[in-house]
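Only one structure is covered here, and it is reproduced in the block below.
The values are calculated or read from the model by the stated rules, or taken from the named source; none is laboratory data. On a predicted model such as this, the values are computed, not experimentally measured, just so you know. Cβ atoms come from the backbone with ideal geometry, glycine included; neighbour counts cover every protein chain shown. Calculation scope for accessible area: heavy atoms of the full protein, side chains included, ligands and nucleic acids excluded. Shrake-Rupley method; radii C 1.70, N 1.55, O 1.52, S 1.80 Å.
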Amino acid sequence: MNRVTPALALCTVLVAALPAQAAGRPAHTDSYGTKAPYAPEQNPRAYEKAPAGFTPVFTENVSRHGSRSATDGEDADLVLGLWDKAHAVGQLTRKGTEFGPKVRALQAAMAKIGYGNLSARGKQEIRGTAARAADRLPSLFAAIAENGEKIDVVSSGQGRAVDSANLYAGALGDTDPGLKPLIGATRTDKDLLYFHKAAGGAAYRDYIANDKRLADTLQSITDQPRTHEAARSVLLRLFTPAFVDRLAAADQVAAAQAVYNLYAIAPAMSGESPDGRGWGMERYISRSDAAWFGYLSDAEDFYEKGPGFSDSDITYEMAGVLLDDFFRQIEAKKAGTSTLGAELRFTHAEEIIPLAALMGLPGSTKPATPGVPYTYKNNPWRGANVAPLGSNIQWDVFRKGSRYLVRMLYNEKEVAFKQPCTPIKKGSSFYDLNELEHCFNRA
């Protein structure tokens, strides 16, 4: 008979409790950009087994907070302002008539949980991630409990990251009561997990605020005929042509982007919908128009947080502080100077995206050549894959004698380290720690 571990039992309960579609991701995920909700990317039965004689001795991660509400009510306010005007003069379409009440209900749901706060789905995502981590490494967490090793929990200090950290820690403790007294209170390290707003991000902030090439590139991508065509198409689903024609071109784009933003955040709020199954916002924007506005959102994130321009590392160089910490934790474990069994970090897309670029993770290896704008055709970077809500990077450390191996999971999928890092054998997910330190130019 197969043994059901406490972690697996908890994970099963959490998945069963998810609202419709929450166990997976919504259709046409790319169009949601970094607002895409989380789903693990590998079957737990498909993980490579550690080589004979190697046992897990340490694990560490960095995770984006789970699905959340919008950070403010501006999009809903803009759309509802137009809706009220059109309603007053009888210039709503059939879909437009039903759209207004649905937006008001979504806005009320977001205001109820608090703008920027974790949604029901986000809480379940984080708990599920913790339960699966415990189930992947049962002998490690059993040894942590038996030996009294500590589990350090650290966040950016921002509300949704703190809440995610506490939920993860709580769910991990639920898998084994022996772990609970070993899990430290969540502490804050802004320099490590909010570096884009800390001292180390000063040059980056200047780039965002003042770099003319960045501004010109994003303007050229946004101000294309397709943007104006898509904006008009979005609005004509809701309002009559006469009403849309009275809006200036720039106002049409702003209104359509607000509709898109509501569409993009809706899956994250599915648990707060009246029937718990979702808000049906895909009825009010076509797939092609959603894909276009999703691309515009991805382009902004690509240039402002991701691989960016091929002749500059300004968008991701500052993530070195976080990569250094990954190595430092393992090196302390190897040296016998650490009492930790796990290091758990919780942060934001502004940290996950540049870290993925710095590490050369799948989908984040190709910057844009200056003068050749990023497009979906010439670059594989997609926000929904690189940093969906709840995205995470985990390193598991295994030891045999004096030798240490490291395996990396990206959104719970085994992935290779960047070239020219060489695994212990072709096709393996395990790397010798010495090889990684050499490959990443660790002293």
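Here the label points at Lys190 and Asp223, each 7 Å from Cα along the C-beta direction, are separated by 3.6 nm in the simple model.
Build a GNM of the chain with springs between Cα atoms under 10 Å apart, and of Ala143, Ala335, Ala230 the one that fluctuates most is Ala335.
Using the beta-carbon distance between Ala203 and Asn434 and R0 = 56 Å, what value does 1/(1 + (r/R0)^6) give for FRET efficiency, to the nearest 0.05?
Working: r = 33 Å, r/R0 = 0.58.
Step by step, r from the Cβ atoms, then E = 0.95.
Just so you know, the Rg over Rh for the chain is 1.00, from Cα atoms, with Rh as the Kirkwood radius.
Relative to the longest principal axis of the Cα atoms of the chain, the long axis of helix 159-175 makes an angle of roughly 40 degrees. For the chain, modelled as a GNM whose springs connect Cα atoms under 10 angstrom apart, the maximal fluctuation among Asn378, Asn61, Asn117 occurs at Asn378.
Please compute the Kirkwood hydrodynamic radius over the range 78-179, one decimal place, Å, based on all pairs of different Cα atoms. Can you show the working numbers first?
Working: mean 1/r = 0.0588 Å⁻¹.
This gives a value of 17.0 Å.
At the listed q of 0.14, 0.23, 0.24 Å⁻¹, the Debye profile of the range 30-116, built from one uniform point per Cα, gives log10 I(q)/I(0) equal to -0.72, -1.20, -1.23. Averaged per residue, the chain has 42 square angstrom of accessible surface, using a 1.4 angstrom probe with ligands and nucleic acids left out. The gain in end-to-end length when the Asn378 to Arg283 segment is fully stretched comes to 31.2 nm, 0.36 nm per residue minus the alpha carbon separation.
Out of all DSSP beta bridges in the chain, what portion is antiparallel? Express it as a percent rounded to 5. Taking every DSSP beta bridge within the chain, about 60 percent pair in antiparallel fashion. Springs between Cα atoms under 10 Å define the GNM used for the chain, and in it the highest mean-square fluctuation of Pro388, Pro40, Pro101 occurs at Pro101. Short-range pairs are left out: with C-alpha atoms under 8 Å and at least six residues apart, the relative contact order of the chain is 28 percent.
Rounded to the nearest 0.05, what FRET efficiency do Lys49 and Lys413 have when you use their Cβ-Cβ distance and R0 = 22 Å? Efficiency at R0 = 22 Å is approximately 0.85. For the chain, adding -39500 (n - 2.57) for each run of n ≥ 4 DSSP H residues and dividing by the number of residues yields -14500 deg cm²/dmol at 222 nm. Using θ = phi - 60° in the Karplus curve 6.51 cos²θ - 1.76 cosθ + 1.60, the 3J(HN,Hα) couplings for the range 248-265 round to 5, 4, 5, 5, 4, 5, 4, 5, 5, 5, 5, 4, 4, 4, 5, 4, 5, 7 Hz; x is entered for Gly and Pro. Per atom type, the chain shows carbon and sulfur on 51% of its accessible surface, probed at 1.4 Å. Helix 225-236 and the longest principal axis of the C-alpha atoms of the chain enclose an angle of approximately 70°. Could you work out how far helix 287-304 tilts from the main Cα principal axis of the chain, as a 0 to 90 degree angle to the nearest 10? Approximately 60 degrees, to the nearest ten.
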